[in-house]
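Let me begin by presenting the structure, written as structure tokens, before commenting on it.
The values are calculated or read from the model by the stated rules, or taken from the named source; none is laboratory data. Predicted model only: the values in this text are computed from it and were never measured. Neighbour counts are summed over all protein chains in view; Cβ atoms, including those assigned to glycine, are modelled from backbone coordinates with ideal geometry. Only protein heavy atoms, including side chains, enter the accessible area calculation; ligands, DNA and RNA are left aside. Shrake-Rupley method; radii C 1.70, N 1.55, O 1.52, S 1.80 Å.
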Amino acid sequence: MKTSSWIISLILAINNCAVVSAFISPQHVHKPRANVLPSTSQLKVATASPQITQADLASLSENGYVVIDNFLPRDLVDDLRDDILNLRSEGAFKEAKIGQDSTNELNTNIRIAETCFLGRNRPELLKLGENSIRDRSGGLYDILDCLCDSLSDLSMKDSATPLDRSLNELLYAYYPEGGFYRRHRDAIPNSASVLRKYSLLLYLNRDGWSPDKDAGQLRMYLDGGGDECPPGVQPNFLDVDPLGGTLVLFKSEAMPHEVLNTMSERFALVGWFNRPVSASDIANLGEGGNLVQVGMMAVALALVTVGVTTILG
């Protein structure tokens, strides 16, 4: 059914309100490149921050993905992994679910992992400490804000649509030995996840990670399919070793992917850079007849601390 006109009016009003301010050869294996980035000591005093290059942005725009080796220096990778271990010891992680909106559920046939949602000023994290490597000057959030600005410029160039930093989603992902996440997409039509423009994976594994002994590669599918390979199409994919410091960015709506079975503990930062909500998003979501979700998306526009993460369950 069609979304009520009052909802469309509400969305347009809120969107204008100051409240919201704020393909390659099959089975290819990516090969790392040299590290040319500043040291962790520079990061911690906010004198420098890892930067994505114009060449990387061009690759993302043209190919739909980019893999950036050594985006983070080793010391910062280790600090962030320690942060994950600390948050797990404090009970901040939960078993990861699958699905969008009301279909979000636990399914260990598709995914075995734990997650902890992140973000500035999240009360449940602040009570565990206010000077983490995430929060401090030059830390994780500052680095990601800088990255978001670069991607927003790219989004404007490619589609005349900026990103909305207030709607970004961010989480730590921990995979135990034997963990995995089968083939899936990050942006599903007619769900709140349609706002996702770019997906982010930043690996935080220990030094000396072995592709053979530790496994857990990211597999990005380039066969043009969705959650499954199209009938009659030959397998075509890119495997990326989850080496500490490696950053992977891809277009959320265009890149099915999976986490292959892990043989060791696997640590990563996962995120989505989202565009603003539009009236057409509300209309399309409303066509499914679930006005509760329509209302939740409208609220997310006004209460920017809610964001898409809460809508997705």
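Report yes if some residue within region 276-285 is assigned to a loop (DSSP other than H, G, I, E, B), surrounded by fewer than 23 Cβ atoms within 10 Å (Cβ to Cβ), over 11 Å from the mean Cα position of the chain (by Cα) and not small (Gly, Ala, Ser); otherwise report no. Write out each step before concluding.
The first filter runs over region 276-285 and keeps only residues assigned to a loop (DSSP other than H, G, I, E, B), leaving 276-278.
After this cut, where a residue has to be surrounded by fewer than 23 Cβ atoms within 10 Å (Cβ to Cβ) as well, the list is 276, 278.
Still in the list and also over 11 Å from the mean Cα position of the chain (by Cα): 276, 278.
Okay, now just the ones that are also not small (Gly, Ala, Ser), so 276.
Yes, region 276-285 contains a residue that is assigned to a loop (DSSP other than H, G, I, E, B), surrounded by fewer than 23 Cβ atoms within 10 Å (Cβ to Cβ), over 11 Å from the mean Cα position of the chain (by Cα) and not small (Gly, Ala, Ser).
Quick one: which of 137, 132 is surrounded by fewer than 14 Cβ atoms within 10 Å (Cβ to Cβ) and either basic (Lys, Arg) or farther than 22 Å from residue 180 by Cα (or both)?
From the options 137, 132, the qualifying one is 137.
Filtering region 188-205 down to residues that are in contact with a Phe, Trp or Tyr (Cβ under 8 Å, 6 or more places away or on another chain) and in a loop (DSSP other than H, G, I, E, B), which residue is surrounded by the most Cβ atoms within 10 Å (Cβ to Cβ)?
Among those that are in contact with a Phe, Trp or Tyr (Cβ under 8 Å, 6 or more places away or on another chain) and in a loop (DSSP other than H, G, I, E, B), it is 204.
Six or more apart or on different chains, Cβ under 6 Å: which pairs go from a residue in region 148-174 that's under 16 Å from residue 195 (Cα atoms) to one that's modelled with pLDDT under 95 and assigned to a helix (DSSP H, G or I)? Could you list them?
Once the first residue is under 16 Å from residue 195 (Cα atoms) and sits in region 148-174, its partners that are modelled with pLDDT under 95 and assigned to a helix (DSSP H, G or I) give 148/165; 167/307; 167/308; 169/308; 169/309.
Picking from 27, 100, which residue would you name as being modelled with pLDDT under 95 and crowded, with 18+ Cβ neighbours inside 10 Å?
Answer to the check: 100.
Filter region 99-131 down to the residues that are over 23 Å from residue 166 (Cα atoms) and out of contact with any helix residue (DSSP H, G or I) (no Cβ under 9 Å at 6 or more places or on another chain) and list them by number.
Correct list: 103, 105, 106, 107, 108, 109, 110, 111, 112, 113.
Kindly establish whether residue 212 is in contact with a strand residue (DSSP E or B) (Cβ under 8 Å, 6 or more places away or on another chain), open to solvent by 10 Å² or more (accessible area, probe 1.4 Å) and in a loop (DSSP other than H, G, I, E, B). Step through it out loud before you land on a result.
Numbers: in contact with a strand residue (DSSP E or B) (Cβ under 8 Å, 6 or more places away or on another chain): no; open to solvent by 10 Å² or more (accessible area, probe 1.4 Å): yes; in a loop (DSSP other than H, G, I, E, B): yes.
When the stated conditions are applied, residue 212 does not pass them.
What do you reckon, is residue 70 within 20 Å of the chain's Cα centre (by Cα) and modelled with pLDDT under 95?
Against the criterion (within 20 Å of the chain's Cα centre (by Cα) and modelled with pLDDT under 95), residue 70 does not qualify.
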